[in-house]
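A.B. asks: Pasting a structure below so you can have a look.
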Amino acid sequence: MAKRSKTAQEAYDIAKPEAEKMGFDLVDAEYKKEGQDMFLRLFIDRKGGISIDDCEAFSKVIDPIFDEKLKCDADYFEVSSPGLTRPLDDISDYVRYEGEKIDVSLFKADETGSKKFTGTIVSAHDDKVLFEKDDGTQAELTLTDISKAIRHIDF
């Protein structure tokens, strides 16, 4: 996860407990200039995914809290899903997607000489993730072994 600006971190800290109360994971916040306007965006997720209705419901809850507590001059405030191809960053992302198929890139080749594989997350805890690869073998990796991991999309 990229380092957040001071404003984005403040928004994240205020919104996180509210997201948890509603059953969402607050995965990131950003505060940035686009053209002439400043945007404050929150990204929520949960097992099974996020709908537009979820984004709207969370926005309605957090907007008045931001009006009261957040010192921010954003022109626009948005709540969004992080998207299907958002890289998995920390252990909570792997826990959220247990049982799902993931495309994994490694920093260095494994015992088979491969730096990439597709597999299902069997379990995730501490800083370790157990995968069942598509070839039926298992691989237990630490987060520091993984260069990039994204959800696998079948068309």
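The values are calculated or read from the model by the stated rules, or taken from the named source; none is laboratory data. From a predicted model like this one, the values you see are computed outputs, not experimental measurements. Note: ideal-geometry Cβ built from the backbone for every residue, glycine included; neighbour counts use all protein chains shown.
A.B. asks: Going residue by residue through the range 121-136, is there one that turns out to be assigned to a strand (DSSP E or B), in contact with a strand residue (DSSP E or B) (Cβ under 8 Å, 6 or more places away or on another chain), under 19 Å from Gly83 (Cβ atoms) and assigned by TED's automatic domain parsing to the domain that holds Tyr97?
C.D. replies: Taking the range 121-136 as the starting set, the residues that turn out to be assigned to a strand (DSSP E or B) are 121-125, 128-133.
Still in the running and in contact with a strand residue (DSSP E or B) (Cβ under 8 Å, 6 or more places away or on another chain): 121-124, 128-133.
With under 19 Å from Gly83 (Cβ atoms) added as a condition, the list becomes 121.
Within this subset, residues satisfying the condition of being assigned by TED's automatic domain parsing to the domain that holds Tyr97 are 121.
So far as the range 121-136 goes, yes, one or more of its residues are assigned to a strand (DSSP E or B), in contact with a strand residue (DSSP E or B) (Cβ under 8 Å, 6 or more places away or on another chain), under 19 Å from Gly83 (Cβ atoms) and assigned by TED's automatic domain parsing to the domain that holds Tyr97.
To keep it simple, each residue is scored yes or no on (1) modelled with pLDDT of 95 or more; (2) out of contact with any helix residue (DSSP H, G or I) (no Cβ under 6 Å at 6 or more places or on another chain); (3) exposed (fewer than 15 other Cβ atoms within 10 Å of the Cβ); (4) of a type in the set (A, V, I, L, M, F, W, C).
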| residue | (1), (2), (3), (4) |
| --- | --- |
| Gly48 | no, yes, yes, no |
| Asp53 | yes, yes, yes, no |
| Lys60 | yes, yes, yes, no |
| Ala74 | no, yes, no, yes |
| Glu78 | yes, yes, yes, no |
| Gly83 | no, yes, yes, no |
| Arg86 | no, yes, no, no |
| Ile91 | no, yes, no, yes |
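A.B. asks: Just one of Lys108, Lys148 is surrounded by fewer than 17 Cβ atoms within 10 Å (Cβ to Cβ), basic (Lys, Arg) and either in contact (Cβ under 8 Å) with a residue 60 or more places away in the chain or in the same structural domain as Phe24 (by TED's automatic domain parsing) (or both); which is it?
C.D. replies: Lys148
A.B. asks: Further question on the same structure: Filter the range 2-31 down to residues that are in contact with a strand residue (DSSP E or B) (Cβ under 6 Å, 6 or more places away or on another chain), over 30 Å from Ile121 (Cα atoms) and either in contact (Cβ under 8 Å) with a residue 40 or more places away in the chain or surrounded by fewer than 19 Cβ atoms within 10 Å (Cβ to Cβ) (or both), then give me how many there are.
C.D. replies: 4
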